[in-house]
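One structure below.
Derivation of every value follows stated rules applied to the coordinates shown; laboratory data play no part. Everything numeric in this text was worked out from a predicted model, so none of it was measured. Quick reminder, even Gly has a Cβ in these numbers, built from the backbone with ideal geometry, and neighbours come from all protein chains shown.
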Amino acid sequence: MTTIAVCEPRYYEVSYRINPWMDPTGWQAARTELAIQAQTQWHELKRSLKRLGANLCEIQPQKGVPDMVFMANSAVVHNGKALLSRFRYPERRREEPFFESFFSKLVDAGSLKDMQKLSDGMVLEGAGDCIWDEARELFWCGFGPRSDRRSATMIEDYFERPTVSLELIDERYYHMDTCLMPLSGGDVIYFPGAFSPADLEEIYVHVPEEKRIAVSEADAQTLAVNGVNLGVHYLTGSCGGHLEAQLAERGYQVHNVDLSAFKKSGGSAFCLTLRLDCGSAGRLE
Ligand code: ARG
């Protein structure tokens with residue numbers, strides 16, 4: 001059963017700036033409308049996920065940690081094990097204890113079999129920078145802006161699965177899930193401008209040409225890459241006509257849910273969710 005963790009945007013806002021999408025002054029100017037918008041959009045996302053068959057598991061939102069809604073950043077979860085995140089910026093480090101207690105409750109309840117903290121001094125921002133590719137049985141890991149390159153070793157050791165590490169060179173695409181997304185059928189959506197020529201070659205080593213879906217800068221900027229893929233369904237905050245056609249051609253069905261209030265923080269559908277059933281066997285063991 002597809003199980004997805006989410007966090008209601010009760011205290012969501014843009015009150016600091018840790019990526020180029022965030023504009024606290026602009027948010028402040030329209031804060032009441034934007035807060036309402038965020039609620040409406042998030043509830044629509046929830047309804048859409050449910051309609052596509054997902055079972056949702058909610059973490060209690062907390063005051064003073066507005067980015068906690070971006071659940072993908074809380075941990076890497078795979079085969080019933082959770083590797084807890086450590087954030088790059090102090091603003092988000094405050095979320096860590098809430099995520100830790102959420103995952104430890106799941107372990108106590110038997111929904112997860114184990115959880116682990118990162119080694120001292122290491123940063124890794126969860127599934128945002130470590131995306132499971134079920135077709136290739138490997139993790140795509142992004143490093144640079146938020147996560148350390150060396151965290152890949154810990155991911156490999158803990159989950160006993162291979163990783164491909166790519167450096168994120170454009171500050172707008174600061175998490176891997178903003179510029180690369182593997183899909184169920186083995187296709188990979190990616191924005192070439194977020195990677196160095198050498199890392200693009202690395203992508204090509206793993207993804208044959210017919211499986212590559214390169215998006216334009218315009219599509220990348222809508223955060224269309226940051227979608228949730230459930231079987232043939234691709235749920236996204238905004239999908240340009242060209243990308244939608246490319247996906248349809250390959251048999252995917254695109255579902256658009258307006259998530260503009262979250263884009264103001266640099267996030268969209270994928271970052272608002274965390275698969276808890278993710279794994280090599282496709283389910284909890
Ligand atoms: N404002 C948040 C941050 O900068 C957005 C996180 C979006 N999450 C993601 N996985 N891309 O950390």
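Assorted remarks:
- Choice from S260, S147, S268 showing the highest fluctuation, given a GNM over the chain with Cα pairs closer than 10 Å: S260
- Ranking of S184, S280, S85 by count of other Cβ atoms within 10 Å, fewest first: S280, S184, S85
- R0 of 45 Å, Cβ-Cβ distance E171-D114: FRET efficiency to nearest 0.05: 0.85
- Bridgeable aspartates and glutamates around K264 (alpha carbons under 17 Å apart, same-chain partners fewer than 8 residues away excluded): E8, E13, D23, E33, D67, E91, E171, D177, D219.
- Mean separation of Cα contacts under 8 Å (6+ apart) over length of region 164-285, as relative contact order %: 20 percent
- Label point of D23 set 7 angstrom out along Cα-Cβ; within region 240-260, amide nitrogens under 17 Å from it belong to 260.
- GNM result for the chain, Cα springs below 10 Å: residue of Y204, Y252, Y173 fluctuating most strongly: Y204
- Of all DSSP bridge pairs formed entirely within region 184-272, close to 30 percent run antiparallel.
- One chain, two ends: K105 and R250. Fully extended at 0.36 nm per residue, the span grows by 48.2 nm beyond their Cα-Cα distance.
- The protection proxy used here, the mean number of other Cβ atoms lying within 10 Å of each residue, ranks peptides 34-46, 208-220 as follows, highest first: 34-46, 208-220.
- Partner lysines whose Cα lies under 28 Å from the Cα of K105, excluding those fewer than 8 positions away in the same chain, are identified as K46, K50, K63, K81, K113, K117.
- Mean Cα-pair separation over length for the chain, i.e. relative contact order, pairs under 8 Å, 6 or more apart, %: 23 percent
- Summing charges over all other residues whose Cβ lies under 12 Å from the Cβ of Y158, with Lys and Arg as +1 and Asp and Glu as -1, gives -1.
- The packing ranking, built from the mean of other Cβ atoms within 10 Å per residue, places the peptides 232-238, 55-61 in the order 232-238, 55-61, highest first.
- Taking every DSSP beta bridge that has both ends in the chain, the antiparallel portion is near 45%.
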